[in-house]
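Below is one structure; the comments refer to it alone.
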Amino acid sequence: MGTDDDATMRTMLHEIAPGTVLRDGIDRILLGRTGAIIVLGFDESVEAISSGGFDLDVELSATRLRELSKMDGAVVVDRSAGRIRRANVQLMPGTHVDTVESGMRHRTAQRTARQTGHPVISVSQSMRTVALYVGELRHLVLDTADVLAKGELALSALERYRARLDQLLGTFTALEVEDVVTVRDVVTIVQRMEMIRRISSDVESATVQAGTEGHLLRLQHDDLMVGLAVERRSLVRDYVPTGASAGVRDALGALSSTDLVDLSVIARAMRLGGPGGADLDTPASPRGHRLIAKLPRLPLPVANAIVSHYDSLQALLAATTDDLQEVEGVGRARAFAVREGLGRVAETSLV
């Protein structure tokens, strides 16, 4: 259920971002210094807790949303059809539904979202705040300027972390070529990559919430993240036991911020360093996925076949052009290109 709520929340953040009809209507309500409850769904579960008001079937627009919110009751919107279905409705969700809110409007909104499963927006008249409720989740909708400010701070952190990661990767490649990598080296890189992934998620959230105003933020974010997904995927395939890659990615994503600073915890999540995962000085040998991914114009199936054939980076680096031709899909020209490419990567890393 939590996963479904997260997906719906992301969708809703798109739908109430600046430049959308819903956001325009919310902004008008705030400017008019009135409150509102807007139910973004229309079915039997909503009807069952609705009382009074009047039926409508009009196209959703910002001005209509503003005018209908002047009344004390809730406005019910059919998201799928883009229509306003009911207005001035008294919502009566069950009192058995838990809520952590204190204000009557917010308590009703949260209970309605939890009971019906539909997103609900609550606009506070006194606090001039907007809250979005999706299932068990609550999100405070910030002003666009505040969202962009938070996004720029996260982007600045992302830039620093990416620069440091690139430095570490240069050293790490040299260690791989010399075959002196330890579990500590691997989990240090993974730790930095996971931190970057989480900061990236914050920047992406800001770009979504900023709507049309967040395009520059997104461009900078996408530029900083170029190639990182491939690096991360290749690194996991290089060192994690065969067949456990997907589980390891989930395990890393589930680590708390406190666990993420402990290299031993990361090693255990990656199933490295012995049964306990605590011996960070255990030698670790890559299979070669990360280095061969650096070669241009080499199809992924061919790259996988080459790595599978040798199963270790050192054996791959020692392979001659004639040896490489034994791999299915590798002809003489491609074998020569792979041999020369790996040689350049190794030489550059050592320099």
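Quick check: Cα centre of segment 11-29 to Cα centre of segment 297-322, how many Å?
51
Measuring from centroid to centroid over Cα atoms, what is the spacing of segment 183-201 and segment 37-88 in Å?
Their Cα centres are 46 Å away from one another.
Kindly put Thr108, Thr321 in sequence by how many other C-beta atoms sit within 10 Å of each C-beta, fewest to most.
Least crowded to most crowded, the residues run Thr321, Thr108.
Any idea what % of Cα-Cα pairs in the chain are farther than 28 Å?
Value for the chain: 57 percent of Cα pairs lie more than 28 Å apart.
Beyond 20 Å, what share of the Cα-Cα pairs of segment 166-318 is found? Please give it as a whole percent.
The calculated P(r) of segment 166-318 puts 53 percent of pairs beyond 20 Å.
Run the quick spin-label model on Thr63 and Leu300: label points 7 Å from Cα toward the beta carbon, then report their separation in nm to one decimal.
For Thr63 paired with Leu300, the spin-label model returns 5.0 nm.
In Å and on Cα atoms, what radius of gyration and Dmax does segment 2-141 show?
13.4, 37
May I ask for the net charge around Gly117, where only other residues with Cβ less than 11 Å from the Cβ of Gly117 are counted and Lys, Arg are +1 while Asp, Glu are -1?
-3
Please compute one quarter of the surface area of the Cα convex hull for segment 270-351 and express it in square nanometres.
If I average the Cα hull's projected area over directions, I get 6.3 nm².
For an R0 of 30 angstrom, estimate the FRET efficiency from the Cβ-Cβ distance between Ala229 and Arg128 and round to the nearest 0.05.
0.15
FYI, it's all coordinate maths here, none of it is from the lab. Please read these numbers as outputs of a predicted model, since none were measured by experiment. Backbone-built Cβ (ideal geometry, glycine too); neighbour counts: all protein chains shown.
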